[in-house]
Amino acid sequence: MQLTLLKSKIHRATVTESDLEYEGSCAIDADLLEAAGLHPYERVEIYNLTNGERFATYAIRAEAGSGTLSMNGAAAHKAGVGHQVILCAYCGLSAEEAAEHEPRIVWVDQANRIRRTHGERPEDAA
C-alpha cells in the first residue's frame with residue numbers, strides 16, 4: 001500500500017509576479033526550491049490564502065535570492081501579485097517509509113526570504 005504524505009511546503013509566500021502569457025508553471029526562487037526539497041518541473045499544489053483558490057501546476061527555477069514567486073499561464077488567473085499562498089508537494093510512501101518520514105517545511109517572510117525551516121527552533125532562525 002502507498003500512502004500520500006506531505007513532502008514539501010513553503011508557508012505564506014507572497015506572489016511577486018503574474019504572467020498570463022507565459023506557457024504555464026510557477027517560478028520559485030531557487031533558494032526556496034532547494035530549502036523545500038522541490039525539483040524543477042515537480043507538481044505543486046497552491047493554496048491561495050487571499051482568495052481561497054486551490055490549484056495545481058509545476059515548479060520552475062527562478063533566480064536564487066530574488067524572492068521571485070511568479071504565477072504563469074492559467075495559474076495567473078488563480079493568484080495575483082501580493083496574494084499570500086502556501087505551496088505543497090506530496091509523495092507516495094510505503095507504510096514503513098511513512099513511519100520515518102518528515103516533510104521539509106519552509107516559512108518565509110513577506111519578501112519570500114527564509115525565516116526558518118522544519119526542525120529549526122524559531123530562535124535559531126536568522
Checking 92, 119, 73, 80 in turn, the sole residue that is loosely packed, with under 13 Cβ neighbours inside 10 Å and at pLDDT 95 or above turns out to be 92
Review point. Can we say residue 50 is loosely packed, with under 14 Cβ neighbours inside 10 Å, β-branched (Val, Ile, Thr) and without any contact (Cβ under 8 Å) to a residue 40 or more places away in the chain?
Key: yes
All-but-one check, residue 77 against (1) in contact with a strand residue (DSSP E or B) (Cβ under 8 Å, 6 or more places away or on another chain); (2) touching a residue at least 12 places away in the same chain (Cβ under 8 Å), failing number (1)
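Tally time: how many residues in segment 66-84 are outside any helix (DSSP H, G or I) and over 16 Å from residue 38 (Cα atoms)?
Going residue by residue through segment 66-84, those that are outside any helix (DSSP H, G or I) are 66-72, 78-84.
If we keep only those that are over 16 Å from residue 38 (Cα atoms) too, we end up with 66, 71-72, 78-84.
Count: 10.
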When (1) of a type in the set (S, T, N, Q); (2) in contact with a strand residue (DSSP E or B) (Cβ under 7 Å, 6 or more places away or on another chain); (3) over 28 Å from residue 100 (Cβ atoms) are applied to residue 51, the one that fails is (2)
(1) touching a helix residue (DSSP H, G or I) at 6+ places or on another chain (Cβ under 8 Å); (2) charged (D, E, K, R); (3) surrounded by fewer than 16 Cβ atoms within 10 Å (Cβ to Cβ) all hold for residue 100 apart from (1)
The number of residues in segment 92-119 that are touching a residue at least 12 places away in the same chain (Cβ under 8 Å) and not in a helix (DSSP H, G or I) is 19
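Could you tell me which residue of segment 1-11 is farthest from the chain's Cα centre (by Cα), considering only residues that are exposed (fewer than 15 other Cβ atoms within 10 Å of the Cβ) and polar (S, T, N, Q)?
For segment 1-11, the residue satisfying everything is 2.
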Filtering segment 12-46 for residues that are among the aliphatic types (A, V, I, L, M) and either within 13 Å of residue 78 (Cβ to Cβ) or surrounded by fewer than 16 Cβ atoms within 10 Å (Cβ to Cβ) (or both) leaves a count of 4
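The values are calculated or read from the model by the stated rules, or taken from the named source; none is laboratory data. Since the model is a prediction, treat every value here as computed from it, not as a measurement. Note: ideal-geometry Cβ built from the backbone for every residue, glycine included; neighbour counts use all protein chains shown.
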